[in-house]
Amino acid sequence: MKEQRAYSVEEAKRKLEGYCAYQDRCHKEVVTKLREMRMIPEAIDQIVVHLINENFLNEERFAQSYARGKFSIKKWGKRRIVNELKQRNISKYNITTALKEIDAEDYLSTLDALAEKRISQITERNPMKRKKKLADYLLYRGWESHLVYEKLKELVP
């Protein structure tokens with residue numbers, strides 16, 4: 001087992017500044033990281049406050065970049081993005097703000113492209129099973145059910 005080294009508050013601050021500068025983080029990730037470094041609760045609070053004051057830690061910015069990234073790179077729907085942000089204890093206000101980062105036209109055209117690509121990969125002949133496979137795929141990715149079912153009517157006669 002690897003020996004756990006002790007960090008001073010200043011060392012931990014510097015380390016976490018780098019951690020947050022590398023990529024936007026949420027409070028939960030930062031607190032988890034500090035706990036892994038075996039920092040005491042008072043030190044964790046002090047470091048988190050420092051990171052917020054110095055703008056290394058900003059939940060609104062994190063939520064916005066998370067939503068943009070998961071939508072544009074992973075092609076996730078809004079439901080999945082919302083659920084993932086809720087698991088990270090992001091406030092309702094920040095989640096709403098984050099979803100505004102996704103353009104409505106891009107959202108629907110991404111759903112079209114994703115559904116078209118997936119339906120071309122499904123080899124199933126039975127139309128009901130084809131529909132189920134496409135629906136399961138899109139729902140798993142977090143697309144709203146009313147959009148998924150409209151798409152199914154359109155793509156699988």
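The values are calculated or read from the model by the stated rules, or taken from the named source; none is laboratory data. This is a predicted model, so every value here is computed, not measured. Quick reminder, even Gly has a Cβ in these numbers, built from the backbone with ideal geometry, and neighbours come from all protein chains shown.
For (1) of a type in the set (Lys, Arg); (2) surrounded by fewer than 17 Cβ atoms within 10 Å (Cβ to Cβ); (3) under 23 Å from LYS153 (Cβ atoms); (4) touching a His at 6+ places or on another chain (Cβ under 6 Å), each residue gets a yes or a no:
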position	(1), (2), (3), (4)
ARG80	yes, no, yes, no
ILE90	no, no, no, no
TYR93	no, yes, no, no
ASP103	no, yes, no, no
SER109	no, yes, yes, no
ASP112	no, yes, yes, no
ALA115	no, no, yes, no
ARG125	yes, yes, yes, no
MET128	no, yes, yes, no
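Yes/no matrix, rows are residues, columns are (1) at pLDDT below 95; (2) under 30 Å from TYR107 (Cβ atoms); (3) of a type in the set (A, V, I, L, M):
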position: GLU3; (1), (2), (3): yes, no, no
position: SER8; (1), (2), (3): yes, no, no
position: MET37; (1), (2), (3): yes, no, yes
position: ILE40; (1), (2), (3): yes, no, yes
position: ALA43; (1), (2), (3): yes, no, yes
position: ASN53; (1), (2), (3): no, no, no
position: PHE62; (1), (2), (3): no, yes, no
position: PHE71; (1), (2), (3): no, yes, no
position: ARG80; (1), (2), (3): no, yes, no
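Checking every residue in the range 134-147 against the condition of being part of a helix (DSSP H, G or I), at pLDDT 95 or above and under 13 Å from the mean Cα position of the chain (by Cα) gives zero matches.
Can you give me the number of residues within the range 47-60 that are of a type outside the set (Phe, Trp, Tyr) and either touching a residue at least 40 places away in the same chain (Cβ under 8 Å) or surrounded by fewer than 16 Cβ atoms within 10 Å (Cβ to Cβ) (or both)?
6
Among GLU116, GLU84, which is of a type in the set (Asp, Glu) and outside the structural domain of TYR66 (by TED's automatic domain parsing)? Going through GLU116, GLU84 in turn, the sole match is GLU116.
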